[in-house]
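Report on the structure given below.
The values are calculated or read from the model by the stated rules, or taken from the named source; none is laboratory data. All of these numbers come straight from a predicted model, not from anything done at the bench. Don't worry about glycine lacking a Cβ; one is built from the backbone with ideal geometry, like all the others, and counts go over all protein chains shown. These accessible areas exclude ligands, DNA and RNA; they are computed on the full protein's heavy atoms, side chains included. Shrake-Rupley method; radii C 1.70, N 1.55, O 1.52, S 1.80 Å.
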Amino acid sequence: MNHHSGSCLCGAVSYELLGDFQSFFLCHCTRCQKGTGSAHAANLFAADSRLTWLRGESDIKTYQYPDSLHIKSFCQHCGAALPVLIESINSVVVPAGSLDTPVPIPPTAKIYVADGAPWFKNIDDVPSFDELPTRGD
Ligand SMILES: [Zn+2]
Ligand SMILES: [Zn+2]
């Protein structure tokens with residue numbers, strides 16, 4: 001079993017995970033679009049793992065979409081996504097962007113692509129920059 005660690009954007013919350021990731025899903029469903037404000041969520045799944053809060057446990061809020069496995073924990077100060085234990089599948093779901101240690105596996109699959117945001121369909125040709133471009137670029 002490996003140690004992974006992560007934190008929220010403002011630093012109020014940090015955690016450690018002891019375990020291994022079996023899958024890494026990029027979820028394009030409409031709930032994840034709402035929850036992230038973006039095209040998809042990026043969540044790693046670690047069955048039989050142990051999640052320990054190192055700091056800020058009392059700053060964590062959790063939202064569950066009614067009658068679903070869509071559960072999101074987040075920092076009440078900065079809103080950053082944080083890991084959550086989903087007991088019904090005995091797995092800790094870890095938002096990839098919350099990790100401070102390297103993400104150890106590549107994405108397993110894109111899921112719910114039929115519900116994906118139309119604006120995200122053909123983005124390979126969109127100009128790319130290493131920083132926010134200056135006006136006129
Ligand atoms: Zn925070
Ligand atoms: Zn989703």
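First select every other residue whose beta carbon is under 12 angstrom from the beta carbon of Cys32; then total the charges, Lys and Arg +1, Asp and Glu -1.
+3
With the full set of protein chains in place, find how many percent of the accessible area of the range 2-120 is carbon and sulfur; take the probe as 1.4 Å.
53
Would you work out the relative contact order for the chain, in percent, from Cα pairs under 8 angstrom that are 6 or more residues apart?
After rounding, I find 29 percent.
Given Cα positions, please report Rg to Rh for the chain, the hydrodynamic radius being the Kirkwood one.
Computed over Cα atoms, the ratio is 0.99.
Could you state the accessible area per residue of the range 52-137 in Å², with a 1.4 Å probe and every protein chain left in place?
Here the residues of the range 52-137 average 75 Å² of exposed surface.
Helix-only estimate, please: 222 nm mean residue ellipticity of the chain, summing -39500 (n - 2.57) across DSSP H runs of length 4 or more and dividing by its residues, to the nearest 500.
Rounded to the nearest 500, the figure is -1500 deg cm²/dmol.
List the aspartates and glutamates whose Cα lies under 20 Å from the Cα of Lys61, skipping any in the same chain that are fewer than 8 positions away.
Candidates past the 8-residue exclusion: Glu16, Glu87.
Can you tell me which lysines have their Cα less than 25 Å from the Cα of Lys110? Leave out same-chain residues fewer than eight positions away.
Straight-line reach from Lys110, under 25 Å: Lys34, Lys72, Lys121.
If you take every residue apart from Ser7 with its C-beta less than 12 Å away from the C-beta of Ser7, what net charge results, scoring Lys and Arg +1 and Asp and Glu -1?
Once positives and negatives cancel, what remains is -2.
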